Amino acid sequence: MSHDDPVEPSQPEMPLLLAAELQDHLMTAHNDLERLQRLLDDACEVLMEGFHGTAGQLGEVIDLGHEVTPHLQAVRQTLYKTVTALQFQDMATQLIAHTNKRLRNCADQIARDALGDDDPDGAAVVDEAPMKPNPVTQDEVDAGSVELF
């Protein structure tokens, strides 16, 4: 090495096979979360159709002149509460998207660190991981209390 050669600081490098394995695990988790999102979407669509159908049937019973008894009123309130509980889909969707973004960012970072930059300008573009650890701060599903972002 001559005096003109720049000395690069040594950085600990992750072995390539370990990096590839870790990246594969992160991408598998990413894919599993996408599948979970599709399952949630499908289940919630079926639930909403069922609840709307039931609400329509209940409305028909009431429209036919049946007295709105305390029992019938309780059924109506239970139905409304149940539909409100489906707000979990929105919260779950936000959490899944947030987690997927973080997983993808980690996988990209590992690939960039293990394989180096392929960009001719020397700077790979990787989305920054979300700074906020959780986009949904709510722990329970209550009517009128959804807190998003």
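Things worth noting here:
- Heavy atoms of D90 accessible to a 1.4 Å probe, total area in Å² rounded to 10: 70
- Rounded accessible area of R102 (nearest 10 Å², 1.4 Å probe): 80
The values are calculated or read from the model by the stated rules, or taken from the named source; none is laboratory data. What you see is a predicted model; the values in this text were computed from it and never measured. Surface accessibility is based on the protein's heavy atoms, side chains included, excluding ligands, DNA and RNA. Shrake-Rupley method; radii C 1.70, N 1.55, O 1.52, S 1.80 Å.
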